[in-house]
Amino acid sequence: MFARVSRPLVGFFLKDLKGSVFSTRMAAAIAFLAAATLFLAWLLGQAALQAAASGADPATLQLWQRGADGALSTLAFFMPVILPLIPVVLARENLESDASAGLLPLALSKPAPNQFMAGGKVAGLLAALAVPLIPLSLAAAFLIQAMVGEAVDLLLVAAFVGGNLVLAALYLLLGLVFGTILGPGFVGPLSALVWLGSNLLRTTAFVLLAALIGAIRLEGILTFESAWFDVVSFTGLHQGITAAFVPAHLMFVIWPADPLLPQVVVWANAAWIVGLLVLFAVLIAKVPNR
Amino acid sequence: MIEVEGLSKTFGWRKPVTAVDDISFRVERGAMHGLLGLVNAGKTTTMRMLATALKPTAGTVSIDGFDTVGQTREVRKKIGYMPETTDFARWSSGPDYLRFWARITGLSGSGEKARIAELTEFLGIAEDSEESPATYTAGHQKMLVLAQALLADPEVLLLDEPLTGISGEDRAFLLGKLEELKRRGKTMVMASPQLSEVQDLSDQVTILVEGRATDPFPTADLLRQVGEGKHARIFVKAVNLSAGALTALKGLKGVVEVKPTSTVTVIYVDPGRVNVGLVRDTLDAEGEGTAPVEAAEITLGDVFRAIVKEGA
C-alpha cells in the first residue's frame, strides 16, 4: 500500500527534477535571472556604500541606502518583478514535454492516485527551482554583504530565500494550472497578465489610492507599500512574508497595528499554494478529455 | 472479459466533434479483439476510454465486471496500456523509462529490477539497455512500450497500433511475442490500420470508419466479407463514358456504385461478384472497349462498405 502511494510520487519527483535541471530553455532563464539579480544587488550595494561614505544621518536615508540589510530588503522588493520568469518557463516546458511524450493518458491508466502524481510533479519542479534559486539568493545577499562590508541579518537572508521560493511556487502552480486548463501555449501570456496585475497595476492602484486617502506618506523617506491586506497579488504575498523578518528600523511596509495581520499573509500564501495544488491535481485527469 | 456498450466520445463544446459514435463489442477472457481503422477512425480515442484515461460521453465499458468510470482504480489494476506514440527524448536509457513507469505502476523497489530485467530479456531489448531509447530502432521502441504495459503483469492488454511503423525481423518478432502473450491467456484489444495484422492475431474484429463501427464479427469472416483475391474498387480510366456504358455498369449484379470523377470512373463493387474481366466485357459490349480498366487494392473503406451493405 505504501509503495503504491509513495512510488508514483517519487517517480514523478525524480523525472521532473531531472528533466528540468537539464533543460536548455531553463538554463537561459536562470542565466537571465542570475544576471539581473546580481546586477541589482551590485547597484544596491553601491548605493549603500556611497551613503555610508557620505556620513549622512541614517534616519534621512532611503531604505536601500541603509546598510547591507536595507539593500537586501530593497532587493526583496524587486524580486517579484524578475523572478517569475523561471517558474513560468519551467511550467510551460514541463507541460509541453509531457504532452509531446503522450505521458498523461498513459499515467492516467495506472492505478496511482492522481493527487500523488500531481504532488510528485510539483515537488520535483519545485526542487528544480530550488536548485538555482537558493544559491542565487544567497549569492545576492553575500554580494551585498561583501560590498557594504557589514554582515546581513541572517533571519533576513532566510526570509529572502524563503520568500523567493514561495513566490516561485506560486507562479509555478499558476503556470501548471493555466497550462493544464488551456494548453502549454497559454502559460506565458496568462502568467504575464498575472505578473502585470501583481506588479504594475497593483503598485499604481496602491499609490493612487494611498495619495487619495492619505494612508501613507509619499514624501520624505520612502516607505514601500503595505502588503498586509494584499493577499490577492503574488507580489503582496511575497512582500508580506519577507517583511515579517525585516528589522523594525528598515521596515519597508507599514507595520500593521494588529499583530495578527502578518499571520494572515502566511496563511494566505499557504492557502494559495494548497488551493492551486488541489486544482492542478483535479485538472490533470481532465486534460485528455479536452 | 471486456464489455463495451454504446460507447461514444465527443470533444469540444462550441463545435463538438464526435470521435467515437456508439461502439459496442465484447471480448472473452483470453481472446484478442481487433479494432481496425484508418487515421481518425476513432481507434486511439476508444483505446483511451478502455484504458480509463478518457471518460466516455455516453455508453459504458466494463473490465472483469468493473466499470471504467465508477471503479477506475480496480480497472487500472487489471490493464496494461500500450499507447501508439511516445517521445523518448527525456529518458536516458530503456531501464530509466521502465523504472519511471514501474514507480507509477506502484511496483515495489525490490520487484522492479527483476521485472525490468525479465521483460527486456523477453522482448529482446536487454542489449540496448544503456542506450537512450530515442536512438532505438522503431521496433525496439515498440518493444520498450510493450514492456511498460507488461510491468504489472496485467490480465488485459490494450495495444494501440503495436506494429505500426516497424517491419522485417522486428515486426515478425513482435508478432510472435503477441501470439505468445495470447497463448499465456492475456485478454487483448489491438487497434490497427492494417488488415493483415488484425487478420493474423485477432479472434474478432470491429471496423471503425470516422468514429462509426461495424458490428463485431469473427476474423475468419473478414476474408469472406471482402472476397479473397478479388478487388473492391475498379477504376476505368476514361472520363466521359457513354450513358449506355454507365447504365450497363450500374446494372451489373454486385456493382454498388458507379462514380465518374474528373480523371477516372470508379466502380465500387461487392467483392466476389464483380471483377475486372466482367467490367471489361461490359465496356466492350457498350463500345468502350479501349478504356483501360484497373483494380485497386482492397482498402478498409472497401471492407467497411461491403460489410455495411451486407448488414443493411
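Structure values in brief
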item	result
Filter result (buried (at least 16 other Cβ atoms within 10 Å of the Cβ), part of a loop (DSSP other than H, G, I, E, B) and at pLDDT 80 or above) within the stretch B:286-301	B:286, B:288, B:291
Cβ-Cβ under 9 Å pairs, at least 6 apart or on other chains, the stretch B:7-19 side charged (D, E, K, R), far side assigned to a strand (DSSP E or B)	B:9/B:18; B:9/B:19; B:9/B:20; B:9/B:21; B:9/B:58; B:9/B:59
Candidate set: the stretch B:220-238, residues that are modelled with pLDDT of 75 or more and surrounded by 14 or more Cβ atoms within 10 Å (Cβ to Cβ); chosen: the one farthest from residue B:199 (Cα to Cα)	B:238
Residues of the stretch B:68-100 satisfying the condition of being surrounded by fewer than 17 Cβ atoms within 10 Å (Cβ to Cβ), in a loop (DSSP other than H, G, I, E, B) and charged (D, E, K, R)	B:87
Qualifying residue in the stretch A:113-126 (condition: more than 14 Å from chain B (Cβ to nearest Cβ) and among the basic types (Lys, Arg))	no
Total residues in the stretch A:106-122, condition buried (at least 23 other Cβ atoms within 10 Å of the Cβ) and farther than 19 Å from residue A:96 by Cα	3
Unmet requirement for residue B:64, which otherwise passes all of (1) over 19 Å from the mean Cα position of the chain (by Cα); (2) of a type outside the set (Val, Ile, Thr); (3) at the interface with another protein chain (Cβ under 10 Å from one of its Cβ atoms)	(3)
In the stretch B:1-50, residue farthest from the other protein chains (Cβ to nearest Cβ) [restricted to those that are of a type in the set (D, E, K, R) and farther than 18 Å from residue B:217 by Cβ]	B:29
The stretch B:84-98 residues that are over 22 Å from residue B:192 (Cβ atoms), paired with ones that are among the β-branched types (Val, Ile, Thr) and assigned to a loop (DSSP other than H, G, I, E, B) (beta carbon under 8 Å, 6 or more apart)	B:94/B:125
Filter pass, residue A:62 being on the phi < 0 side of the Ramachandran plot and away from chain B (no Cβ under 14 Å)	yes
Filter result for residue A:173 (at pLDDT below 90, hydrophobic (A, V, I, L, M, F, W, C) and assigned to a helix (DSSP H, G or I))	no
Flag for residue B:74 being more than 30 Å from residue A:20 (Cβ to Cβ) and either among the small types (Gly, Ala, Ser) or more than 25 Å from the chain's Cα centre (by Cα) (or both)	yes
Among the candidates A:48, A:53, A:99, residue that is in contact with a helix residue (DSSP H, G or I) (Cβ under 8 Å, 6 or more places away or on another chain), away from chain B (no Cβ under 14 Å) and not polar (S, T, N, Q)	A:48
Test: residue in the stretch A:25-41 that is within 14 Å of chain B (Cβ to nearest Cβ) and either in a helix (DSSP H, G or I) or closer than 26 Å to residue A:156 by Cβ (or both)	yes
Every residue from the stretch B:127-157 that is assigned to a helix (DSSP H, G or I) and surrounded by fewer than 17 Cβ atoms within 10 Å (Cβ to Cβ)	B:127, B:134, B:135, B:138
Condition check for residue A:73: buried (at least 23 other Cβ atoms within 10 Å of the Cβ) and without any contact (Cβ under 8 Å) to a residue 24 or more places away in the chain	no
Of residues in the stretch B:266-279 being over 30 Å from the mean Cα position of the chain (by Cα) and closer than 15 Å to residue B:233 by Cβ, the one surrounded by the most Cβ atoms within 10 Å (Cβ to Cβ)	B:279
Subset of the stretch A:29-42 that is in contact with a helix residue (DSSP H, G or I) (Cβ under 9 Å, 6 or more places away or on another chain) and without any contact (Cβ under 8 Å) to a residue 60 or more places away in the chain - its residue that is nearest to residue A:239 (Cα to Cα)	A:36
Selection count where residues are within 18 Å of residue B:97 (Cβ to Cβ), in a loop (DSSP other than H, G, I, E, B) and in contact (Cβ under 8 Å) with a residue 12 or more places away in the chain, scope the stretch A:90-124	3
Sole exception among (1) in a strand (DSSP E or B); (2) at the interface with chain A (Cβ under 9 Å from one of its Cβ atoms); (3) in contact with a Leu (Cβ under 6 Å, 6 or more places away or on another chain) for residue B:53, by number	(1)
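The values are calculated or read from the model by the stated rules, or taken from the named source; none is laboratory data. This is a predicted model, so every value here is computed, not measured. A quick note on method: Cβ atoms are made from the backbone with ideal geometry, for glycine too, and the neighbour counts reach across all protein chains shown.
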